[in-house]
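Written below as structure tokens is the structure these notes are about.
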Amino acid sequence: MRAFDYRAPTTLTEVLALLAQAKGEVRPLVGGTDLIPQLREGRKRPALVLDLKRIPDLGRLEYDPDMGLRIGAAVTCSAVAAHPQVRRHYAALAQAAALVGSRAIQNRASIGGNICNASPSADTVPPLLCLSARAFVAGGRGQREVELERFFQGPGKTILAKDELLVEVVVPPPAKRSASCYLRFTPRAEMDIAVAGVAALIVLDGGRQCQEARLALAAVAPRPLRVPTAEAALKGRALDAQALEEAGELAAQAAQPITDIRGGAEYRRRLVRVLTRQALEQCLAALQAGQR
Ligand SMILES: Cc1cc2nc3c(=O)[nH]c(=O)nc-3n(C[C@H](O)[C@H](O)[C@H](O)COP(=O)(O)OP(=O)(O)OC[C@H]3O[C@@H](n4cnc5c(N)ncnc54)[C@H](O)[C@@H]3O)c2cc1C
């Protein structure tokens, strides 16, 4: 591992000053579950590692029925998975956070790190895309707000400038009669990375008619992918078996998978088809059970 400076500031102002003054590459650190292996293997060679864990604002996790959910960039997957209001109102996100690595990993791994690492297989991102999350970013030129969907540019690449960091993610309040779900396929039950993942969100009218649908995929494209074709096909329709099957087919068509050591491209498309249908079925089941 190449030597680097390490700082652990306690305020956001201090972080921004350090980012602005830095000569070489700076890497924020939260849980280090992605970053430390990357440093060890020489895949990242920053001059400065900035530990964000001592900044109280970044550790905030708050739910308000009018404002929605605010997740500070250093909030852990464990905190999100265990939060009663997240489990109740944003089920897909709680499910995804509980799938990351293992209990030990979830206790260190942050939602912000999962986002900023920008892996196409990041589990918490597709649910956040379905839930219309927005990212709040701070840097030398002030603060800016972006739809999370626009945050990713490719594997390991985000819109963050060198002097910027992710501060928090905000998710709007859930719509009435809505439900969400995240499913992924991994050969092992734990400590594995998605071969494919699907998040679904549906909003129903008084019956089984779909007012809005959102679908997002993991591990089948260079970045997390929404599926507007399938969403449009579901909107305004009764969510019967045929509608769900068609949505699965459209999602499979939208996927841009590669073949790698974890699965072939065609296999991944099939997974997307099946997981999409199952995720939609689970949303319907949650609504029927009165969970939302
Ligand atoms: C054994 C193991 C199993 C895993 N299993 C899964 C899994 O099942 N699903 C999954 O999605 N991931 C998995 N991961 C990956 C990892 O745990 C997650 O991506 C995790 O959420 C990263 O969070 P972190 O706090 O550890 O990030 P860190 O490693 O601290 O940071 C990750 C990257 O984001 C940058 N960064 C962090 N915070 C900010 C910020 N606020 N602003 C700007 N940049 C920032 C860092 O500089 C770094 O480049 C696994 C990792 C391991 C080691």
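The values are calculated or read from the model by the stated rules, or taken from the named source; none is laboratory data. Keep in mind the model is a prediction, meaning the values are calculated, not measured. Quick reminder, even Gly has a Cβ in these numbers, built from the backbone with ideal geometry, and neighbours come from all protein chains shown. Quick note on the areas: whole protein, heavy atoms, side chains included, nothing else; ligands and nucleic acids left out. Shrake-Rupley method; radii C 1.70, N 1.55, O 1.52, S 1.80 Å.
At-a-glance table
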quantity	calculated
Reach of Lys53 by Cα under 21 Å, taken over lysines that are not fewer than 8 positions away in the same chain	Lys44, Lys162
Cα-only radius of gyration and Dmax that characterise the stretch 70-213, units Å	15.2, 50
Dipole-positive endmost among Ser119, Val75, Val137 within the stretch 56-171 (Cβ charges, Cα centre)	Ser119
Farthest toward positive dipole pole in the chain [+1 Lys/Arg, -1 Asp/Glu at C-beta], among His89, Ser178, Gly31	Gly31
Backbone N within the stretch 15-36 under 13 Å of label point (7 Å from Gln153 Cα along the Cβ vector)	none
Difference of contour (0.36 nm per residue) and Cα-Cα distance, Tyr267 to Gln85	62.0 nm
The stretch 230-292, dipole about Cα centre (Lys/Arg Cβ +1, Asp/Glu Cβ -1), debye to the nearest 20	140 debye
For the stretch 13-79: rounded, prolate or oblate by the Cα gyration tensor [a/c cutoff 1.5]	oblate
Cα centre as origin, Lys/Arg/Asp/Glu Cβ charges: the stretch 5-51 dipole, Debye	180 debye
The stretch 170-217: trypsin sites (Lys or Arg not before Pro) in DSSP coil with no more than 10 other Cβ atoms inside 10 Å	Lys176, Arg188
Pairwise label distance in nanometres, Gln21 with Lys162, each label 7 Å out on the Cα-Cβ vector	1.7 nm
222 nm mean residue ellipticity, helices alone, for the chain (DSSP H n ≥ 4; -39,500 (n - 2.57); rounded to 500)	-9500 deg cm²/dmol
Shape call, the stretch 183-234: gyration tensor on alpha carbons, a/c limit 1.5	oblate
Global geometry of the stretch 5-51, whether rounded, prolate or oblate, following the gyration tensor of its Cα atoms and the 1.5 cut on a/c	oblate
The stretch 136-218: GluC sites (Glu not before Pro) in DSSP loop, at most 13 other beta carbons within 10 Å	Glu190
Cα long-axis angle, helix 265-288 against the chain (0 to 90 degrees, to the nearest 10)	70 degrees
Local electrostatic count, Ala219, Cβ distance below 14 Å [Lys/Arg +1, Asp/Glu -1]	+3
In the stretch 1-60, the GluC sites (Glu not before Pro) that fall in loop regions by DSSP, at most 14 other Cβ within 10 Å	Glu25, Glu41
Carbon/sulfur fraction of accessible area - the stretch 178-288, other protein chains in place, 1.4 Å, %	53 percent
Choice from Leu217, Leu275, Leu39 with maximal GNM fluctuation in the chain (Cα, 10 Å cutoff)	Leu39
Assigned charges on the beta-carbon of Lys, Arg, Asp, Glu; the chain dipole about Cα centre (debye)	460 debye
FRET efficiency for Ala285 and Thr229, using Cβ-Cβ distance with R0 set to 25 Å, rounded to 0.05	0.55
Cα-based Rg of the stretch 178-288 normalised by 2.2 N^0.38 Å, two decimals	1.03
For the chain, the spread of Cα positions along each principal axis, largest first, Å	57, 45, 33
Reciprocal mean inverse distance between Cα atoms of the stretch 39-150 - Kirkwood radius, Å	14.9 Å
Counted charge near Gly206, where neighbours are those whose Cβ lies closer than 12 Å (Asp, Glu -1; Lys, Arg +1)	+2
On Cα atoms only, tilt of 241-254 relative to the major axis of the chain in degrees	40 degrees
